[in-house]
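Written below as structure tokens is the structure these notes are about.
Nothing in this text is a laboratory measurement; each read-out follows from the coordinates by a stated rule. The structure displayed is predicted, hence computed values, not measured ones. Heads up, the Cβs are rebuilt from the backbone with ideal geometry, glycines too, and the neighbour counts pull from every protein chain shown.
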Amino acid sequence: MSSVLFIFLDGVGIGKDDPKINPFVSGKINILEKIFNKIPVLNNQRLQNCNSFCFPVDANLGIINDIPQSGTGQTSIFCGANASELIGKHFGPFPHSLHLPLLKENSIYTELRKRNKKVFFANAYPPVFFDYLKTGKKRTSVSTMTARFNNVKINSIDELISGSALTAEITNHRWKRMLNLDVPDINVDSAVYNIIRIARQNDFTFYEYFLTDHFGHGRNLSEMDENLFILSEFIQKVITANEDLTIFIGSDHGNLEDLSIKSHTLNPALGISSGKNAEYLSKKIHSLTDIKSTLLEVILCEELSTY
């Protein structure tokens, strides 16, 4: 058995080799250069350094003349089905009503819980989120809705304080600054320690970082440099600290890699694998629809004997 840590980066693709529009190429985001000593770009999308691999993941899903969206992209990731093809278009940011049965019955959470595997959604949510749910409103992201459908715990400020969950910005600074919540100050090293420890205690751990998509859309740009520096350090240290996990870092569509526009892109989504089974993931995952089945194979040790 191999424990899998899936770090989801919303809205990150592989873009042009142009420092004027691509913050990876300009050096504003140095995650990929630090890991691979090169930057993946459209004419050089596959990279390897030791046991870490970078590769493109198709997010267009056969839909022509339409921009990929989070609702269909994330449903395809969680359920292994072509959610865009099902409704004939890309849709988002929330899941389409026709996708709800998939999220309830065919997600990676569903498959793992049937097999008594331990799954964990590592994000903590602030009190305002639970207040929203108490109003009876149900419009939430794919990741949150899938967790709720499958009785996967949604962590609160209590789990954050105990170190058994992370905020979506990694180090709690936005909860303190913007929500005025009394939560601990933690640095990147502490966040890395927490996520690695959590992942080792579970068969499948999912952690979502959404600010990348916000910055790609031109929102909160005054915070961009600070937060992308934190993200870069976090991912690099997670990969460096890992010895025994299978790590997959992936996205649902392009966005951040082209700051010349404020919409999603047609570029391939970013895929990174590291640690155990990293090469296997890099060779098996070509599309968003491949992610669920490939991670299940790794967790359940199916088909790997022939690899």
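Odds and ends about this structure:
For every residue, the table says whether it meets (1) over 22 Å from Phe234 (Cα atoms); (2) touching a Phe, Trp or Tyr at 6+ places or on another chain (Cβ under 6 Å); (3) among the acidic types (Asp, Glu); (4) in contact (Cβ under 8 Å) with a residue 60 or more places away in the chain.
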position	(1), (2), (3), (4)
Ala122	no, yes, no, yes
Asn150	yes, yes, no, no
Asn155	no, no, no, no
Glu159	no, no, yes, no
Arg177	no, no, no, no
Pro184	no, no, no, no
Gln201	no, no, no, yes
Thr205	no, yes, no, yes
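Quick grid of which residues meet (1) within 12 Å of Pro95 (Cα to Cα); (2) in contact with a strand residue (DSSP E or B) (Cβ under 6 Å, 6 or more places away or on another chain); (3) of a type in the set (D, E, K, R):
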site	(1), (2), (3)
Asn44	no, no, no
Ser52	no, yes, no
Pro56	no, no, no
Ala59	no, yes, no
Ile64	no, no, no
Gly71	yes, no, no
Gln74	yes, no, no
Asn82	no, no, no
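- Among the criteria (1) in a helix (DSSP H, G or I); (2) over 28 Å from Phe234 (Cα atoms); (3) touching a residue at least 12 places away in the same chain (Cβ under 8 Å), the one Ile77 does not fulfil is (2).
- When we screen Leu228, Leu221, Leu245, Leu211 for residues that are buried (at least 18 other Cβ atoms within 10 Å of the Cβ) and under 20 Å from Pro93 (Cβ atoms), the only hit is Leu211.
- Applying the criterion of being among the hydrophobic types (A, V, I, L, M, F, W, C) and part of a helix (DSSP H, G or I) to the residues of segment 1-36, the residue that is nearest to Leu47 (Cα to Cα) is Phe36.
- Output for segment 222-275, where each listed residue is in contact (Cβ under 8 Å) with a residue 60 or more places away in the chain and hydroxyl-bearing (Ser, Thr, Tyr): Ser232, Thr246, Ser251, Ser260, Ser263, Thr265, Ser273, Ser274
- Within segment 117-132, none of the residues are among the hydroxyl-bearing types (Ser, Thr, Tyr), over 26 Å from Leu211 (Cα atoms) and outside any loop (DSSP other than H, G, I, E, B).
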